[in-house]
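See below for the structure under consideration.
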Amino acid sequence: MNTFKEDLTEDLRGVFFDADEFAKEHDLNGTVCLCVVEKPRTEEKYLRGATYDAYEGIHGASVTIHVGSRLLPEIPVEGMRFDLDGEVMLVDSCTHEAGLLSIVLKGHDS
């Protein structure tokens, strides 16, 4: 019988990070790997009350990346420069749970 952690790891690999399901290949700081990138639409930001207030008068974009921790050479830290598919962003936060990194990035809204 598998433990919960073994089942979770299997699910992450088999469904969540399956290229035919949710994941797509992205360049994360020079490492090309399968991950899930969320870019909330304006109405989603409004409903969650999410704002980008890093600098007064400058508007920015927020992106969340979900990736297996074993796929990146280092765990990102707050304030670190992070390139997502060639776009320069900054790490706002990063959580690491059960082998999964959830990285929130902030960048200039294009």
In the stretch 92-101, what residues are within 13 Å of residue 28 (Cβ to Cβ) and at pLDDT 95 or above? 94
Which members of the stretch 66-83 meet the condition of being in a strand (DSSP E or B) and modelled with pLDDT of 95 or more? 81, 82, 83
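Identify all residues within the stretch 91-110 that are of a type in the set (A, V, I, L, M, F, W, C) and surrounded by fewer than 13 Cβ atoms within 10 Å (Cβ to Cβ); write none if there are none.
98
The values are calculated or read from the model by the stated rules, or taken from the named source; none is laboratory data. Remember, predicted model here, so these are calculated numbers, not experimental data. Positions of Cβ are backbone-derived with ideal geometry, glycine not excepted, and every protein chain shown enters the neighbour counts.
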